[in-house]
Amino acid sequence: MPGTVTALRRYPVKSMLGEDLDASEVSHHGLARDRRLAVVSRRTGKVASAKYPRLWRDLLTLSAVALGEGARITLPDGRSVCSTDADVDEVLSALLNAPVTLTATPPPGASLDRAVPEAVLREGIKAQVPAELIEIGAGAPPGTFVDFAPLHLLTTATLDRVAELSPYRRAHLERYRPNVVIRTEAEGFPENDWLGRDLRVGDQLVLRVIARTPRCAVPTLAHGALPRDTEALRVLARHNRVTPLDGLGPEPCAGVYAEVLHPGRISVGDAVRPVSGVRADITRQKPLPAVQLGPDDFAGPAGDGLPAPAVALRRDQHQAASALVVGPGVRGGGRARDAIPDLDQQPDTVAGHSQDHDRHPGSVIAGPAVWPCRGPDGVGDQFADDELGRLGQVVEAPFGEDGAGVQAGARSGARQSAQRQGRRQRP
């Protein structure tokens with residue numbers, strides 16, 4: 001599976017057109033300044049995304065380039081506005097015909113509407129069609145607005161195959177919004193076989209492929225000067241319906257999502273090669289809440305807001321604390337953040353329980369979905385031994401930006417529920 005990086009793209013503002021790069025640093029969050037900003041509806045609190053075309057397709061008439069810690073946004077008439085301008089919200093609200101706010105801070109339980117793509121194809125982009133509510137960033141560290149994982153990879157082979165099968169004999173990479181385009185001599189849709197692979201890019205960067213990329217309605221929409229093209233999705237629906245992750249049904253896919261195992265620099269021209277002999281068991285490592293919770297789980301017998309019993313979480317090799325781990329895809333997770341104010345802190349931040357810290361001195365931790373590797377020291381944190389038997393199967397999970405590991409137990413019932421939840425929390 002040798003290949004070469006042939007294009008790099010980042011999207012400083014979610015759902016807007018992006019910019020080409022020659023090189024970039026890559027952290028656990030992905031490309032530098034990628035999807036660090038997003039438009040949020042002031043009516044609903046949801047992230048605005050062209051995945052729901054009836055409301056937000058005009059985001060794709062805007063383009064953004066990174067500018068320091070912010071971005072410069074070019075409007076359809078050629079004017080530009082900076083993310084730091086005092087009137088940026090007013091300008092965007094007028095253009096999108098809806099009250100919105102441009103923000104760099106994902107709201108707790110950040111979510112968006114994803115229109116059912118088949119319904120958009122059938123009814124059109126202006127129709128009110130069924131939509132799924134999905135929580136974003138399930139396979140990524142907190143703090144960005146990525147859909148699922150830090151990086152999206154796409155091969156020239158997939159683009160060539162889509163073009164070959166399209167009646168228009170063309171395929172534009174802009175429609176699929178990749179971060180990294182890889183030139184390969186393979187044919188067809190080679191990324192389908194990369195699930196679980198570790199890839200070395202250049203000298204330092206190491207990635208792990210964690211999901212195939214299911215396609216929404218976005219590829220069919222007009223992107224700047226590119227006109228609408230429904231074949232960008234129909235081709236995949238006819239010829240590449242595969243499962244993004246085990247436990248999910250087949251969907252039209254193109255490309256793969258990857259997480260960052262070892263940060264580094266990436267440049268156009270870098271070699272991409274598999275790490276010899278390494279293939280992760282993604283069925284164990286797919287995003288999965290550490291403890292499955294429902295909206296009623298926050299009313300314990302004492303009425304103190306804590307589930308009963310709390311679980312013991314060992315944050316390092318020496319200290320143990322009573323803790324509750326809440327993943328963003330957990331049903332009721334948003335309610336948890338409302339019920340416990342401290343949960344709006346970063347997932348690697350320990351927050352004491354605000355209601356009864358004296359009786360429950362343990363930590364409350366708002367966790368991302370389960371992650372797939374240990375900390376840099378090779379030693380993962382773990383639940384106390386007496387809790388492992390009660391909670392059942394263990395999956396590995398680093399916690400926080402620095403990759404400090406956590407192992408989280410999950411009952412088989414929680415796994416099934418998480419698989420159902422995966423349909424809402426799509427990659």
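What follows draws every value from the coordinates through simple rules; no lab data is involved. Nothing here was measured: the structure is a model prediction, and the numbers come from that model. Glycine also receives a Cβ, built like all others from the backbone with ideal geometry; neighbour counts cover every protein chain displayed.
Structure data summary
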item: Neighbour-count ranking [beta-carbon atoms within 10 angstrom, fewest first] of Lys46, Lys126, Lys51; result: Lys126, Lys46, Lys51
item: Only Lys, Arg (+1) and Asp, Glu (-1) charged, at Cβ; segment 3-284 dipole about Cα centre in debye; result: 460 debye
item: Where labels lie 7 Å past Cα in the beta-carbon direction, separation of Arg238 and Leu67 in nm; result: 4.4 nm
item: Neighbour-count order for Cys216, Cys82, fewest beta carbons within 10 angstrom listed first; result: Cys82, Cys216
item: Listed residues Asn179, Gly202, Ala23: farthest to the positive end of the dipole of segment 3-284 (Cβ charges); result: Asn179
item: Debye intensity ratio in log₁₀ form over the Cα atoms of segment 3-284, taken at each q of 0.08 Å⁻¹; result: -0.31
item: Least to most buried among Asp270, Asp20, Asp89 (fewest other Cβ within 10 Å first); result: Asp20, Asp89, Asp270
